[in-house]
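The values are calculated or read from the model by the stated rules, or taken from the named source; none is laboratory data. Every value quoted in this text rests on a predicted model; they were computed, and no experiment measured them. Quick note on the areas: whole protein, heavy atoms, side chains included, nothing else; ligands and nucleic acids left out. Shrake-Rupley method; radii C 1.70, N 1.55, O 1.52, S 1.80 Å.
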Amino acid sequence: MKLQRMLLILTGIVFLSAGKLSAQDVKTDYDHNANFTQYKTYSWEHVKTRDPLYVDRIKSAVNAALTAKGWTQVDSGGDVSIIAIQMTQDQQTLNTFYDGFGGGWGWRRFGGGGFGEATTTTETYQVGTLIIDLYDTKTKRLIWRGAASDTLSNNANKNTKNLDKGVEKMFKKFPPGSSN
């Protein structure tokens with residue numbers, strides 16, 4: 001009976017952890033009529049974030065990704081203008097733990113022991129989302145959008161690594177139509 005109870009507790013812990021270990025969600029979309037071969041330079045328009053320390057971190061991650069693709073940053077008047085928005089949102093998850101299966105199958109009042117007791121707890125955690133928009137500077141039209149979301153940690157270094165990884169995933173197949 002102790003072994004069965006221990007297995008149930010361990011199973012509950014695994015399910016609790018699984019919700020928090022979800023993979024980073026990265027999505028991209030682009031204007032299918034845009035000719036990305038004409039764009040070679042970019043400049044930053046705006047980075048909106050609640051944490052001013054993330055302005056340089058976001059710019060650094062995007063600059064590294066675009067430089068690796070052969071694009072060049074200019075102070076102003078680039079072929080493409082970039083706007084980045086970083087936001088956080090509280091999410092909740094419900095975790096239910098069962099303490100045993102009781103004395104047998106069936107309904108309690110009709111001959112069985114039931115399923116034992118269940119305890120449900122609510123856990124609140126923060127999810128960070130970064131949206132990167134690329135606009136054609138001349139036409140002011142959105143030509144590409146990338147978005148990455150992930151659970152935030154209390155460790156700033158871990159969040160920075162996740163930021164870098166998310167931006168890298170966003171730009172993996174950039175520019176659209178290339179063989180990258």
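Listed cross-link partners Lys140/Lys172; Lys69/Lys161; Lys69/Lys169 are compared with a 18 Å cut-off, the Cα-Cα value being larger for Lys140/Lys172; Lys69/Lys161. The largest accessible area among His32, His46 belongs to the first residue in His32, His46, and the rest follow in falling order (1.4 Å probe, all chains). Across the stretch 71-81, coupling constants 3J(HN,Hα) worked out from phi with the 6.51/-1.76/1.60 Karplus curve, θ = phi - 60°, read 8, 10, 7, 10, 4, 7, x, x, 4, 10, 10 Hz, and Gly and Pro carry x. The lysines whose alpha-carbon is closer than 16 Å to the alpha-carbon of Lys138, local same-chain residues fewer than 8 away aside, are Lys40. Summarising the amide proton neighbourhood of Trp144: residues at separation of 5 or more, or on other chains, whose placed amide H is nearer than 5 Å comprise Asp31, Leu134.
Bridgeable aspartates and glutamates around Lys48 (alpha carbons under 16 Å apart, same-chain partners fewer than 8 residues away excluded): Asp56, Asp133. What the phi angles of the stretch 159-164 give under the Karplus curve with 6.51, -1.76 and 1.60, with θ = phi - 60°, is a coupling list of 5, 5, 4, 5, 4, 4 Hz, glycine and proline written as x.
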